Amino acid sequence: MADAMKTQAAMNVMNTICEMYDDLNFRYDRHDEDLVITCSIHGDDIPMQFIIQVDAEREVVRFLSPMPFKATEDKRIDMAIAVAVANYGLINGSFDYDMSDGEIRFRMTASYIDSTLGKELFQYMTSASANTVDRYNDRFMMLNKGIITIEQFLEMENSEN
């Protein structure tokens, strides 16, 4: 019984997110069997991929945005510093970083345990995630390619905070 209730609650969350995207005339792909929605957003520079996962068991929704590259081995320590500095200034969400393979992704999570989440929250999660990823994706990429140094990355952060 509890599993059926959790599954129904997860589908309600999926439906609410899709209704919000429909209201915004937003293009997305819905994968009901996996409780996943995928979409792309074009920011100022690098296109951003978003994966919205509804976790029925944990009763959370995750907005994930993987960077379109992985940190090269020679830049992984610098990238760890950059990700830590970026995370320090974030109010909502964080960047996850896997030192073993250089993967970076942005993650914002909200719980829907014993509650109903509305379209406004999902619109906020979408725009806040997109703004954060758009702010950092090119900086992380420039650091990875050696266009900027970790010192220059830190200077950019310090000048904005």
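When segment 108-150 is limited to residues that are of a type in the set (V, I, T) and assigned to a helix (DSSP H, G or I), the one that is modelled with the lowest pLDDT turns out to be T126. Does I91 satisfy the condition of being assigned to a loop (DSSP other than H, G, I, E, B) and either at pLDDT below 95 or among the β-branched types (V, I, T) (or both)? So I91 fits the description; yes.
Count of segment 18-55 residues, restricted to those that are modelled with pLDDT of 95 or more and among the aliphatic types (A, V, I, L, M), is 6.
For segment 33-49, the candidate set comprises residues that are free of Cβ contacts under 8 Å to residues at least 24 places away in the same chain and surrounded by fewer than 13 Cβ atoms within 10 Å (Cβ to Cβ); within that set, the residue that is farthest from S65 (Cα to Cα) is E33. Can you tell me which residue in segment 18-52 is farthest from A128 (Cα to Cα), limited to those that are of a type in the set (A, V, I, L, M, F, W, C) and over 15 Å from the mean Cα position of the chain (by Cα)? Per the stated criteria, the residue is L35. Among the residues examined, T72 does not qualify as over 23 Å from S115 (Cβ atoms), of a type in the set (S, T, Y) and in contact with a His (Cβ under 8 Å, 6 or more places away or on another chain).
The residue list A110, A71 contains one member that is in contact (Cβ under 8 Å) with a residue 40 or more places away in the chain and under 19 Å from E19 (Cβ atoms), which is A110.
The values are calculated or read from the model by the stated rules, or taken from the named source; none is laboratory data. All figures in this text were calculated on a predicted structure; none of them were measured in a lab. Neighbour counts run over all protein chains shown; Cβ positions are idealised from the backbone, glycine included.
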